[in-house]
1. Just to be sure I understand the filter: pairs with C-beta atoms under 6 Å, separated by 6 or more residues or on different chains, first member in the range 67-79 and free of Cβ contacts under 8 Å to residues at least 24 places away in the same chain and polar (S, T, N, Q), second member surrounded by fewer than 19 Cβ atoms within 10 Å (Cβ to Cβ) and in a loop (DSSP other than H, G, I, E, B). Which pairs pass?
2. Could you check the range 58-86 and list, in sequence order, the residues that are small (G, A, S), open to solvent by less than 30 Å² (accessible area, probe 1.4 Å) and not in a strand (DSSP E or B)?
3. Across the range 216-238, which residue is nearest to K198 (Cα to Cα) among those that are in a loop (DSSP other than H, G, I, E, B) and in contact (Cβ under 8 Å) with a residue 12 or more places away in the chain?
4. Can you pull out every residue in the range 191-244 that is within 25 Å of the chain's Cα centre (by Cα) and hydroxyl-bearing (S, T, Y)?
5. Which residues, taken from the range 160-171, are surrounded by fewer than 17 Cβ atoms within 10 Å (Cβ to Cβ) and assigned to a loop (DSSP other than H, G, I, E, B)?
6. Look through L174, L246, L195 and report the one residue that is touching a Leu at 6+ places or on another chain (Cβ under 9 Å), open to solvent by less than 20 Å² (accessible area, probe 1.4 Å) and within 18 Å of T275 (Cβ to Cβ).
7. Kindly indicate which of V122, V107, V157 is under 22 Å from D258 (Cβ atoms), touching a Phe, Trp or Tyr at 6+ places or on another chain (Cβ under 7 Å), open to solvent by less than 50 Å² (accessible area, probe 1.4 Å) and at pLDDT 95 or above.
Amino acid sequence: MTSYIPWFLRARLKTRQLLLLVALAEEGNIHRAAQVLNMTQPAASKLLKDLEDALEVSLFDRLPRGMRPTWYGETMIRHARMALTSLNQAHEELEAAKNGQFGQVSVGAITAPGLALLPPTVSLVKREHPNLQIALQIETSDVLIERLNQGKLDILVARLFAQHDKTELRYEMLTDEPVCAVARPGHPLLRVNALSLKELSESGWIISPSGSVLRHRFELMFQEEGIKAPANVVETASLLFTTKMLQQSDMLSVVATDVARYYADHGLLAILPITLPCQMDAFGIITRRDRLLSPAAKVMLRALKTAAVTVYGKQLDMSTDGL
């Protein structure tokens, strides 16, 4: 019986070919890519030609002023990035193990679970594995998913939207995300009984930029009530600016309820006495199906699911993802 030989062994795939693919994608020019890799241009050209001959496809279109990946090239570049990232992570885990550390994990989250879910999760991990290195990033879902696909993050707590390619993503929903209106402590509207959307529409607002999901839901909320959306607005995605601006003015803002409670608990903002007919899409835990989790990432994933029971009342399957 003939044993199966993987294609990359038959093609004699070299690590430097993977590095060259990524460098070409970033530089768009064989000369600059060769310089980045500290090799001659003829050597880089031969590496690329050998790979294209082995794959029997053209990976780049040769243009008058550079090179552009073909569809085949885009596919190989994506997997080259993942392979190189995985090799880097393997080295980092080995170095950490040699230094007596348990390993490292990179986690990304949108703001609300970043405040509500991540702190108890990290506490759980550190209680059992104090030497496990944890890197956290708080960003929008689009940014986080791009970084997950690039291999820069291991686990996300974020949203999936229609434009995202879900083919290789595993998603476990945690909760919907209600929002509420906030103002500075002592704001006159805090004393109004039966506060209405009409009264809110006459105030100045600090809101998410045009094109964001929250901005769309915010404007739709007034439209569905037949009320003109507020015209006196400041657009920003910065919570730090929003908080400071609210404290120094009578403007209002709409934020995730978990975020509002955090600021209210610390006396920085107050939640207005009105239930808004508006909420964000659900968010959940996202990992890649085509990528094995490291031991450190598995520890983090288990802690996320454990903390979710207390924070959101959500029981998740502990048997998935190799746990």
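1. Listed pairs, sorted by first residue: T70/S58.
2. Matches in the range 58-86: G73, A80.
3. Our first condition is that a residue be in a loop (DSSP other than H, G, I, E, B); within the range 216-238, this holds for 225-232, 236-238.
Adding the requirement that they be in contact (Cβ under 8 Å) with a residue 12 or more places away in the chain leaves 225, 227-230, 232, 236-237.
Values: E225: 9, I227: 7, K228: 9, A229: 9, P230: 10, N232: 14, T236: 23, A237: 25 Å.
Residue satisfying both the conditions and the ranking: I227.
4. If the condition is that a residue be within 25 Å of the chain's Cα centre (by Cα) and hydroxyl-bearing (S, T, Y), then S208, S210, S212, T236, S238, T242, T243 are the ones that fit.
5. Scanning the range 160-171 gives F161, A162, Q163, D165, K166, T167, E168.
6. Among L174, L246, L195, only L195 is touching a Leu at 6+ places or on another chain (Cβ under 9 Å), open to solvent by less than 20 Å² (accessible area, probe 1.4 Å) and within 18 Å of T275 (Cβ to Cβ).
7. V157
Let's see how each residue does on (1) under 25 Å from G313 (Cβ atoms); (2) of a type outside the set (G, A, S):
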site	(1), (2)
R127	yes, yes
I138	yes, yes
V143	no, yes
R147	no, yes
K152	no, yes
A158	yes, no
H164	no, yes
L174	yes, yes
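The values are calculated or read from the model by the stated rules, or taken from the named source; none is laboratory data. Given the structure is predicted, the values throughout are model-derived calculations rather than measurements. Cβ coordinates were reconstructed from backbone atoms using ideal geometry, including for glycine residues, and neighbour counts include every protein chain displayed. Just so you know, the surface numbers come from the protein's heavy atoms only, side chains and all, with ligands and any DNA or RNA stripped out. Shrake-Rupley method; radii C 1.70, N 1.55, O 1.52, S 1.80 Å.
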